[in-house]
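Heads up, the thing below is written out as structure tokens.
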Amino acid sequence: MSEEKFFFEENVFSRKDYEFTFEADEELIEEILKNKKSGKVLDLGCGEAGTSLSLAKKGFEVTCIDISKTAIKNIKIEAKKRDVKLIAFVVDLEKFEFKEDYDIIIGTGIFHFIPEKDSFKLINNIMKHTKKDGLNILEVFLQGDPSQEEDSEGYYFKQNELKELYSDWNILDYEEYEDYDEEEEQTNKIAYLIAKK
Ligand SMILES: C[S@@+](CC[C@H](N)C(=O)[O-])C[C@H]1O[C@@H](n2cnc3c(N)ncnc32)[C@H](O)[C@@H]1O
């Protein structure tokens, strides 16, 4: 069986009938702009990178990384179309080495693909490699999410666990909520955090 981390590459992004929409999260962009007008952004497991493409258009220096070669190829094509400068490359987050510090680090919908030990190592690195007054934007699945199986390879957070990891930071937003996924016909259990260092 293929590893779960290749799920999006194999079952979504590389499908012939799949169309990339590069949809941006406008609410998140608004929140980011309240805090930062420029700077370096790192989008981990970026997927279609809609928000990051918009931030790049606004002048942020964006780096997008993902294990999906199809996603990275399409992001580069879209960036060119929009006349936007952005770095995008394929890498496995379990092996990613941070070489610099960032003003904003985004990691949404990725930790349930990353084993517990690597998830905590990644969060430590995210925190360490965020500049002073920089932002972390993380969205994780909680334990009991319907996608979680006994042999799931990735990490599902306990209630309040993410918030507690950031207890030394200024938490701008933290929510735990349920969200109905029409395609999967299931209700996901999600935690969402925006924190300032
Ligand atoms: C649910 S999607 C989320 C995409 C995007 N962050 C968002 O919020 O829309 C998960 C993404 O994580 C990527 N991914 C999963 N495991 C990964 C890994 N080990 N290293 C890098 N990317 C990974 C997938 O290829 C996919 O693009």
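The values are calculated or read from the model by the stated rules, or taken from the named source; none is laboratory data. Here the structure is a predicted model, which is why all the values come from computation and not from measurement. Backbone-built Cβ (ideal geometry, glycine too); neighbour counts: all protein chains shown. Accessible surface is based on the protein model in full, side chains and every heavy atom, while ligands, DNA and RNA are left aside. Shrake-Rupley method; radii C 1.70, N 1.55, O 1.52, S 1.80 Å.
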A 1.4 Å probe over the protein heavy atoms gives the chain a carbon and sulfur accessible-area percentage of 45
Report, as a whole number in µm² per second, the diffusion coefficient that Stokes-Einstein gives for the chain at 37 °C and 0.692 mPa s using the Kirkwood radius over alpha carbon pairs. 191
When ligands, DNA and RNA are left out and all protein chains stay put, how many square angstrom of accessible area per residue does the chain have with a 1.4 Å probe? 56
Hey, can you rank 149-159, 118-128 by average C-beta count inside 10 Å, highest first? 118-128, 149-159
Return the lysines within reach of Lys36: Cα separation strictly under 23 angstrom, same-chain partners fewer than 8 residues apart disregarded; answer none if there are no such residues. Lys57, Lys58, Lys85, Lys99, Lys128, Lys131, Lys132, Lys163, Lys196, Lys197
If you place +1 on the Cβ of every Lys and Arg and -1 on the Cβ of every Asp and Glu, how big does the dipole about the Cα centre of region 1-58 come out, in debye to the nearest 20? 500
Convex hull of Cα atoms in region 131-197, direction-averaged projection (nm²): 5.2
Between rounded, prolate and oblate, where does region 1-95 land on the alpha carbon gyration tensor, with a ≥ b ≥ c its root eigenvalues, rounded for a/c under 1.5, else prolate if a/b exceeds b/c? prolate
Using C-alpha positions alone, give me the convex hull volume of region 49-96 per residue in cubic angstrom. 61
Treating the beta-carbon of each Lys and Arg as +1 and of each Asp and Glu as -1, no other charges, what is the dipole magnitude of the chain about its Cα centre, to the nearest 20 debye? 1620
In deg cm²/dmol, rounded to 500, what helix-only [θ] at 222 nm does the chain give when every DSSP H run of at least 4 residues adds -39500 (n - 2.57) and the total is split over its residues? -7000 deg cm²/dmol
Compare the peptides 77-85, 37-45, 10-18 by average per-residue count of other Cβ atoms within 10 angstrom and give them in order, highest first. 37-45, 77-85, 10-18
Just going by the charge dipole of the chain, with Lys and Arg at +1 and Asp and Glu at -1 on Cβ, which of Ser147, Phe7, Tyr166 is farthest out on the positive end? Tyr166
